[in-house]
Number of protein chains: 2
Amino acid sequence: MDQEAQPFLYRSVSGKIAGLIEEGVLRPGERVPSVRRISAQEGVSVSTILQAYTLLESRGYIEARPQSGFYVRSRRDNLPPEPRTSAPGRPATRVGISGLVSRVLQAVTDPEVVPFGAACPAPELLPGQKVNRLLAGLIRRSGREINSYNFPPGLYELRRQVARRSLDWGGRLAPEEIVVTCGATEALHLCLRAVAQPGDLVAIESPAYFGTLLLLEALGMQVIEIPSHPRHGMCLDLLGDALKKHRIRACIASPNFSNPLGSSMPDEGKRELVAMLTRREVPLIEDDLYGDLYFGQARPRSAKAFDTEGLVLLCSSFSKMIAPGYRVGWTAPGRFQAKVEALKLTTTLATPTLLQAAIAEFLESGAYDRHLRKMRAAFATQTEQMIAAVGEHFPAGTKVTRPAGGFVLWVELPHRVDSLELQERALAERISISPGPIFSARQRYRNYIRLNCGYPWSDRLDQALRTLGRLARG
Amino acid sequence: MDQEAQPFLYRSVSGKIAGLIEEGVLRPGERVPSVRRISAQEGVSVSTILQAYTLLESRGYIEARPQSGFYVRSRRDNLPPEPRTSAPGRPATRVGISGLVSRVLQAVTDPEVVPFGAACPAPELLPGQKVNRLLAGLIRRSGREINSYNFPPGLYELRRQVARRSLDWGGRLAPEEIVVTCGATEALHLCLRAVAQPGDLVAIESPAYFGTLLLLEALGMQVIEIPSHPRHGMCLDLLGDALKKHRIRACIASPNFSNPLGSSMPDEGKRELVAMLTRREVPLIEDDLYGDLYFGQARPRSAKAFDTEGLVLLCSSFSKMIAPGYRVGWTAPGRFQAKVEALKLTTTLATPTLLQAAIAEFLESGAYDRHLRKMRAAFATQTEQMIAAVGEHFPAGTKVTRPAGGFVLWVELPHRVDSLELQERALAERISISPGPIFSARQRYRNYIRLNCGYPWSDRLDQALRTLGRLARG
């Protein structure tokens, strides 16, 4: 398109918008007024405004998001760079972080504390109230059977909905292949115990979700931390080396939006990951908790989509998308189905019937998909705003990830910063963060923190991040 | 009292009632018409009727139950004798019953199957609907926080109610000493993992609850089955011998109404049990699931009441008394509190917030105590009716327990009966039972079955028990 050949009008509009962005009136991640609205306001045609926005997009001011409109992009020149591939060191190791995690979790329930710590969406972004109303309706309509035990594999209606949705990530699950669990936590727990024993060596991403590390610690398993790229996840060549060198019994990974990196393994990588593990009969426990929360155009595939031998145990939950307090998750454990069902009898016996039924109804109604669209847009925006604010407030030398989904950021601070000290000083100012060492079996990443982007950006958050930046400067 | 000196009237009344009982119009366990009602019907004074009932009681026809009236007693001469103290054999052993349990559980949810199998109260005896309505009310009143995570140790209001009730069993728990769990299953799971490792030797009652055996099997622990008396529970002298001979790391027992025996350890026994374990620093995991369901005058003490060193880990739940499908239980794990809380983060992370809140409200309202009184009377009656019916329908040589609480019977059949075969043939007739071998690590008790007395006696149940008796005859 030859921009000089266009009439003046669209350049006037684009100049105005660019000005608003440069002055900070429109902030990174915020929605730009819709084409129709500006068209009406300025009295120019829709196609002219569209031309203006296309120009702004080509100049990097804004970006289009499917079915959602145009949004202010982060100003790339101001932004901190991304961290490099992690280098956790290679020897097998036991885990020892349980003491550090509880402070992060305890801060969640205190509304006075700024919630940068645990990975929690803002309650107002969740449809919990809507699902609660479905629950109340269920109570009115149902007989006494709704209070009875619902033994593994779980409520058929919910399993049917999960199976139906498997088409979205390239799968074709049957309801019979799914086990409902008390959250993804129980799913991971059951799957890991189904495939490995105490003392066994398990390969994980580095950094890794602290819940996975706590679990490995509690089960007395050894871990080998595989270096991971902030955009593409676990380094497959290094995993390959480890598989040759060590007797690895299982692998745990989040190819879609790992926590804390937010990395997104390309489909080819997922295929290779599954193939490489399958050749050695090593089960893959795939934590797909954040898979529905992609920022791009389409749902990425799960590694499970490439599983031909039933060796991938897919785990997920509705906690981050519907209601954390419901504790309803699920797993599709492949050839370990019977073992997972049997183990479930000894951890919780059953998942609460009422809560399964309410979530099944919500999924069936179609409201879940509408809700997910809104939630994805919100998290994309909030994450971008947080990146920009980190760039603004944090000390020089800070690096930050560019997640492709989910709602957490992994921030590398200058070497002299001790994130455990920072956590303590931040909590004294009523700000919670997750310190880097809880994401590593041997408490590496001392100068890293994870930031939760689950809350809509606000002056309060901006202020808190400014304070954090000040504390990090020392 | 000199009966001959009383006027004729009371003998006439007592004669009538005795006749009704002998003809089977009034059946064992059924309530005799109230004193007031008969007084009005017969036009004689209350004190005369009271005299008549006292005579019937002294002759063994009826029995008084506190605050509930008079009930028809089992005709002792017809009843099968009790089984003897169990003799499970002594060597340490691994468990292998998981294959047998699922058939029992699967039958629970089929309303077409007569529910003698799993230990489940009839839904109509449970106040689940009432608690559901409290839940619906909570949903109306509460803000979004009711959908948030509620991390260990769990909802304060619920822990406060559990602590308040600890006075009933001779305890003085503080809310801080309690951890809310997903049912007693998770409580037992967490406590066992807090005190023992895979390969460790654990002492249990014999026969024992199959869930405990499944758990020990899943955790790769070894068990030693201690002979148990059908009325007094675990034989303490034999436990003492085992403690001297073997390196026992933990003991699991249900001093109040063990499942399946229904035995009730005297308080002195509980004191001795705790003292004997404490001397060797062996933790006791006390499964007190049925403790509130006593048939006698008062709540028996828990062994935890005699715990001075924090070595008793008390476990219970509201599943059998309120709503199995809620999955809300708790533990008071003594000195293992921190460990249990940390382990819970890796099994389910949290217990559903809404369900904890609804149960806390039910307990607080006082409705729970009223409900328990009714439930105890119902289970006492139903158990007695089942004992009588076993006496009537089962082959000669059958023995049956006399539980002091709970709602299960342990039935010893003639030696030639194979309860696994019986289970299969019964299921073909749509009757579920629990075969003896699932209550033993090494699948002993092949000629035993456990019968659920959780349902109000009916012609359907009577018919089913008659069929069972016919099948047992071969």
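We did not get these values from a lab; they are worked out from the coordinates using the rules stated. The model shown is predicted, which means the values in this text are computed figures rather than measured ones. Every residue, glycine as well, gets a Cβ built from its backbone with ideal geometry; the counts of neighbours run over all protein chains shown.
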Residue order, fewest to most beta carbons within 10 Å, for A:Ser264, A:Ser432: A:Ser432, A:Ser264
Spatially proximal aspartates and glutamates relative to A:Lys244 (Cα-Cα < 20 Å; intrachain offsets below 8 disregarded): A:Asp200, A:Glu205, A:Glu225, A:Glu272, A:Glu281
Antiparallel DSSP beta bridges within the protein assembly as shown, percent to nearest 5: 60
Rounded to 5, percent antiparallel among DSSP beta bridges of chain A: 60
Integer Hz, Karplus 6.51/-1.76/1.60 couplings in order for region B:149-165, x for Gly and Pro: 4, 10, 6, x, x, x, 5, 4, 4, 5, 5, 5, 5, 5, 4, 4, 6
Per-residue Cβ neighbour rank within 10 angstrom, fewest leading, A:Lys270, A:Lys399: A:Lys399, A:Lys270
J(HN,Hα) series, region A:213-227, from Karplus relation 6.51 cos²θ - 1.76 cosθ + 1.60, nearest Hz, glycine and proline x: 5, 4, 4, 4, 5, 5, 8, x, 9, 8, 10, 10, 8, 8, x
Hull volume in cubic angstrom per residue (convex hull over the Cα atoms of chain B): 155
Cβ charges +1 (Lys, Arg) and -1 (Asp, Glu), total dipole of region A:127-368, debye: 480
Inter-copy label distances at B:Gly240 (7 Å, Cα→Cβ; nm, one decimal): 6.8
Theoretical ellipticity at 222 nm over the protein assembly as shown - DSSP helices of four or more residues, -39500 (n - 2.57) apiece, nearest 500: -12500 deg cm²/dmol
Neighbour-count order for A:Leu219, A:Leu277, A:Leu79, B:Leu313, fewest beta carbons within 10 angstrom listed first: A:Leu79, A:Leu219, A:Leu277, B:Leu313
Antiparallel %, DSSP beta bridges [both residues in region B:127-368], to 5: 35
Net lengthening on full extension, B:Lys16/B:Ala396 (0.36 nm per residue, minus Cα-Cα): 133.7 nm
Pairs from B:Lys270/B:Lys320; A:Lys320/A:Lys374; A:Lys130/B:Lys320; A:Lys130/A:Lys320; B:Lys16/B:Lys374 whose Cα-Cα separation, in the structure shown, is over 19 Å: B:Lys270/B:Lys320; A:Lys130/B:Lys320; B:Lys16/B:Lys374
Inter-chain shielding of B:147-154 (mean C-beta neighbours from other protein chains, 10 Å cut-off): 6
Inter-site label distance for A:Ser47 and B:Val46 at 7 Å from Cα along Cβ, in nm: 9.8
Exam field: A:Arg370 pseudo-label spacings to other copies (7 Å along Cα-Cβ), nanometres: 4.2
Cα long-axis angle, helix A:353-364 against chain A (0 to 90 degrees, to the nearest 10): 40
Label-point gap, in nm, between A:Arg470 and B:Glu421 - each point 7 angstrom along Cα→Cβ: 8.3
Simple Cβ-charge dipole of chain A, Lys/Arg +1 and Asp/Glu -1, about Cα centre, in debye nearest 20: 320
Pairwise centroid distance, computed over Cα atoms, of region A:124-179 with region B:184-254, Å: 36
Span from the region B:414-432 Cα centroid across to the region A:344-358 one, whole angstrom: 29
Other-copy label distances relative to A:Val46, 7 angstrom Cα-Cβ extension, nm: 8.6
R0 of 25 Å, Cβ-Cβ distance B:Arg430-A:Tyr156: FRET efficiency to nearest 0.05: 0.70
B:Asp462-A:Arg172 FRET efficiency (beta carbon distance; Förster radius 60 Å; 0.05 resolution): 0.75
Cβ neighbours within 10 Å from other chains - mean over B:350-357: 6
Per residue Cα convex hull volume in Å³ - calculated over the protein assembly as shown: 184
Helix B:46-58 vs. chain B, principal-axis angle (Cα, 0 to 90°, nearest 10): 70
Per-pair calculated FRET efficiency, R0 = 30 Å: A:Arg84 and A:Gln106 via Cβ, rounded to 0.05: 0.40
In Hz, Karplus ³J(HN,Hα) per residue of region A:315-332 (6.51, -1.76, 1.60; θ = phi - 60°; x = Gly, Pro): 10, 7, 6, 9, 4, 7, 10, 10, 7, x, x, 6, 6, 10, x, 7, 9, 10
Nonlocal amide H pairs with B:Ile285, under 5 Å, H built at 1.01 Å: B:Cys251, B:Ile252, B:Ala253, B:Leu313
Peptide-level mean, for A:128-138, of C-beta atoms on other protein chains within 10 Å: 4
Inter-centroid distance (Cα atoms) of region B:18-59 relative to region A:368-406, Å: 78
Relative contact order (%) - criterion: Cα under 8 Å, at least six apart; region: chain A: 22
Sequence-distant residues sharing a close amide H with A:Asp200 (under 5 Å, placed H): A:Gln222
Over region A:127-368, equivalent-ellipsoid semi-axes from the Cα gyration tensor in Å: 31, 19, 15
